[in-house]
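The values are calculated or read from the model by the stated rules, or taken from the named source; none is laboratory data. Keep in mind the model is a prediction, meaning the values are calculated, not measured. So basically every Cβ, Gly included, is an ideal-geometry build from the backbone, and we count neighbours across all protein chains shown. Side chains included, ligands, DNA and RNA excluded: accessible areas come from the protein's heavy atoms. Shrake-Rupley method; radii C 1.70, N 1.55, O 1.52, S 1.80 Å.
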Amino acid sequence: MLKIENLSVSVNEKKIIKDFSIDVKRGELHAIMGPNGSGKSTLSNFLSGREGYQLVHGKVLFKDKNLLDLNIDERARLGLFLAFQYPVELPGVSIVPFLKTAINSKLRSKNLKEIDALEFTKKIKEIASFLNITDEMLKRSVNYEFSGGEKKRYEILQMTLLDPDLSILDETDSGLDIDALKIVSKGVNRVRNKNNSMIVITHYQRLLDYIIPDYVHILVDGKIVKSGNKDLAIELEKKGYESFL
Amino acid sequence: MPEIEKLYNQNKKHLIGSEIPWLKEMRNNILKELESTGIPSKKKETWKYSDLKHVRNVKYVFDESGIKNERKDYFGDVNFINGKHISEIQEDHIKNIFIEKLESNIINFEKYFSINSNFLSQDFITDLNTIFLTDGLTLSVPNNVKTDLKITYSNNLNSISSYIRNIIKVGKNSEFQLIENFNKDNTEDNSSNVFNIFWLEEGAKVEHILIQNAQQSSKIAYSSLIFCYDNSDFEQFSFQCGSESVKNQHTTNLIGRRSSVKHYGVYFAKDAQFVDNKTTVIHHEQECKSNQIYKGVLSDESNGVYLSNTLVKPEAQKTEGYQLSRGMLLSEKSVLKTKPELKIYADDVKCSHGSTVGEIDREQLYYLQSRGINKKESEKLLIKAFTKDVLENMKNKESLNRIDEIIDDWLTE
């Protein structure tokens, strides 16, 4: 699904990601853990196509296509989804028309028929109720005046609707209390299946109690210093990042 | 200046009210005044930021040949073609509103003509309107009714200049919705100068919607002068999209206690278009509220100007006055000049003003694109979102939908 080889990325001429490689296969969930400033968010932002990040060298293949040849929206339509650490507020952009535009953009790019209005409403209501998102919240502007927890639940709602092949969850657990964490995890697990892949980026092992990873990688100073299975996260929790520096 | 006087002398006999002594005198006084001050230039504060196209090449064309039997689908309840009201009748009742032609009894309207010399003194645009008046109506909404009226302004000849004045009285506790449309037609080089005076009696509520979507080569100057008595509310939505140059000025006098006014505006301009809006609120009495909120989107080499003014007189205690101007520039060559002014002579008031000019927010654009929406569509969503909070206050949903369609067309052109 996603193959990154020897990737180095710089921000303002400073190298943040250094010779990073990963191979995420269909159906796999990889957790990337790392201390502050290790390059976790740089990686997710760079992969989504955000401005301000420069490729130094390396290759990124997504569904056998060169991801770096595509712009932000082309990557998304190909099936990449980034759940933002800090979702952007869009006052005046109503949630429902926004979601419909997003879904239809994807359908159109695959030469498929646009979604039926009734079917869409049914679908969105079902997902919203699963994620404890009220009807009132669906009437608001995108992320506007949402609480931290509401924003994260709303990211998962979008992810569920858009049904991506690869989801990158950038510190989706940050700022969540335990109840919200459970709802968000439940939402992620619902989307997870054998045909899609996920990369979960987090500081803490806590999230991985609810979203069980197939692989865990420890990122320090832009490099993977150790990879393993879910037990690595437990080891990390005990020993702290210092033992991996 | 001599050109204006020459034009006046050439066309005197066609002008409305040419035989009425007080109007003749008023016109002569304006011409005399113009002779001493000259036509406005950028040196004059009120014209400093404005488009001087409205000053140069002032025209008066007398041609009534296009007026006969005009009918088009978009026509309103009341229609002006080439500066003339198309109905032959002198007076009529439409939707409970008593309508009279200004021409038929202009003799009774001296006070409505002298009024602008008190409130819009030496104003070139309304002075031209007084001199070259081509037509106008008086609309009287009786007490305690709820009604609405649509007025359209259009042309079917090229190079026409219209000078129209309407006097609109809204009776006690009545609710009145007035929609004015400057329509797109297939003509060239037309200019309109419309001046409307509104009187709101006690408890009257007016929603005034002004849609200026005329063709590219047109010039529009629109002035409104509003008087609000006790407990009356005037709510105005001014929308511009199209026209080579638009110059609007709206002046509200809150002369009754607990009266309120909202001047809302949304404007779009592209190419080399020029949109110039000015709103003024004068708080004469206590416990009145005013809101002046304008948002503009400018592209290509277009120019926008928005000046807002609040004047709080010493008697006007417990005033609440709010001003906001926001601009979105879509190109490096587009320019917005905006200036809020507050003059407060009372001590117990709440007043504020804000003004920002910016571009499309890159973070917002990135977020939308990351959901698979292409850049162009994402920009459209953000541009519409920018004006939404102003437009969604509009109660007349038909007009709101029409404006929405005009914006969609503007965004896809």
(message) Given Cβ point charges of +1 (Lys, Arg) and -1 (Asp, Glu) and nothing else, what value in debye, to the nearest 20, does the dipole of chain B about its Cα centre take?
(response) 580
(request) For B:Glu175, list long-range residues whose amide hydrogen, built 1.01 Å from N in the peptide plane, is under 5 Å from its own amide hydrogen. (result) B:Val145, B:Lys146, B:Thr147, B:Lys205
(request) Might you tell me the accessible area per residue for chain A, computed with a 1.4 Å probe and given in Å²? (result) 46
(message) Using helices alone, I'd like the mean residue ellipticity at 222 nm for chain B: each DSSP H run of four-plus residues gives -39500 (n - 2.57), total over residue count, nearest 500.
(response) -6500 deg cm²/dmol
(request) Name the most mobile residue of A:Leu207, A:Leu43, A:Leu55, meaning the one with the largest mean-square fluctuation, in a Gaussian network model of chain A with Cα contacts below 10 Å. (result) A:Leu55
(request) Give the carbon-plus-sulfur fraction of the accessible surface of the stretch B:361-413 in %, rounded to a whole number; probe 1.4 Å, heavy atoms of protein chains only. (result) 44
(message) Can you give me the distance in nm between label points at B:Thr147 and A:Lys25, each placed 7 Å from the Cα along the Cα-to-Cβ direction?
(response) 8.0
(message) Suppose each label sits 7 Å from its Cα in the direction of the beta carbon; what would the B:Lys44-A:Val56 distance come out to in nanometres?
(response) 6.5
(request) Only Lys, Arg, Asp and Glu count, each charged at its Cβ (+1, +1, -1, -1), so figure out the dipole size of the stretch B:361-413 about its Cα centre, rounded to 20 debye. (result) 160
(message) For a quick check of understanding: with a 1.4 angstrom probe and all protein chains in place, what accessible area in square angstrom does B:Arg402 have, to the nearest ten?
(response) 70
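Can you tally the net charge around B:Lys32? Count Lys and Arg as +1, Asp and Glu as -1, for every other residue whose Cβ sits under 13 Å from the Cβ of B:Lys32.
-3
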(request) Compute the separation of the alpha-carbon centres of the stretch B:195-258 and the stretch A:82-144 and state it in Å as a whole number. (result) 38
(message) Quick check for you: with a 1.4 Å probe and neighbouring chains kept, what is the accessible area per residue of the stretch B:361-413, in Å²?
(response) 48
(request) Could you order B:Ser159, B:Ser259 so the one with the most accessible surface comes first? Probe is 1.4 Å. (result) B:Ser159, B:Ser259
(message) Place a point 7 Å from the Cα of B:Arg362 along the Cα-to-Cβ direction; which residues of the stretch A:12-43 have their backbone N under 14 Å from it?
(response) A:12-13
(message) Rounded to the nearest 20 debye, what is the charge dipole size of the protein assembly as shown about its Cα centre when +1 sits on each Lys and Arg Cβ and -1 on each Asp and Glu Cβ?
(response) 1300
(request) Leaving ligands, DNA and RNA out of it, work out the accessible area of B:Ser41 with a 1.4 Å probe and give it in Å² to the nearest 10. (result) 50
(message) Taking 30 Å as R0, compute the FRET efficiency from the Cβ-Cβ separation of A:Asn189 and A:Tyr86 and round it to 0.05.
(response) 0.80
(request) List, in order, the whole-Hz ³J(HN,Hα) value for each residue of the stretch A:105-112 obtained from phi through the Karplus relation with A = 6.51, B = -1.76, C = 1.60 and θ = phi - 60°; use x for Gly and Pro. (result) 4, 5, 4, 4, 5, 9, 6, 9
(message) Please check: in the Gaussian network model of chain A (C-alpha springs, under 10 Å), which one of A:Lys152, A:Lys40, A:Lys106 has the largest mean-square fluctuation.
(response) A:Lys106
(message) Counting heavy atoms of the protein chains only and a 1.4 Å probe, report the per residue accessible area for the stretch B:2-256 as a whole number of Å².
(response) 40
(request) Give the residue from A:Asn12, A:Asn195, A:His57 lying farthest towards the positive end of the charge dipole for chain A; charges sit on Cβ (+1 for Lys and Arg, -1 for Asp and Glu) and the dipole is referred to the Cα centre. (result) A:Asn195
(message) Can you tell me which of A:Asn195, A:Asn12, A:Asn36 moves the most in a GNM of chain A? Springs connect C-alpha atoms under 10 Å apart.
(response) A:Asn12
(message) Given the -39500 (n - 2.57) contribution per DSSP H run of 4+ residues, what per-residue ellipticity at 222 nm results for chain A, rounded to the nearest 500 deg cm²/dmol?
(response) -11000 deg cm²/dmol
(request) Under 20 Å from a label point 7 Å along Cα→Cβ of B:Asn158: give me every residue in the stretch B:181-217 with its amide N that close. (result) B:183-192, B:214-217
(message) Below 8 Å between Cα atoms, with a sequence gap of 6+, how large is the relative contact order for the stretch A:86-227 in percent?
(response) 22
(request) Compute for chains B and A the buried accessible surface, both sides summed, probe 1.4 Å, and express it in Å² to the nearest 100. (result) 2000
(request) Could you rank A:Leu70, A:Leu82 by how accessible they are, 1.4 Å probe, largest area first? (result) A:Leu70, A:Leu82
(message) Testing the spin-label approximation: label points 7 Å from Cα along Cα→Cβ at B:Lys318 and B:Glu5. State their distance in nm.
(response) 5.3
(request) Ignore the peptide's own chain and count Cβ atoms of other chains within 10 Å of each Cβ in B:372-383; give me the average, rounded. (result) 6
(message) Please list, in order, the residues from the stretch A:1-31 whose amide nitrogen is less than 16 Å from a point placed 7 Å along the Cα→Cβ vector of A:Glu235.
(response) A:31
(message) In whole Hz and in residue order, list the ³J(HN,Hα) couplings for the stretch B:284-295 that follow from phi through the Karplus curve 6.51 cos²θ - 1.76 cosθ + 1.60, θ = phi - 60°; x for Gly and Pro.
(response) 9, 10, 6, 6, 9, 10, 9, 9, 10, 10, 10, 10
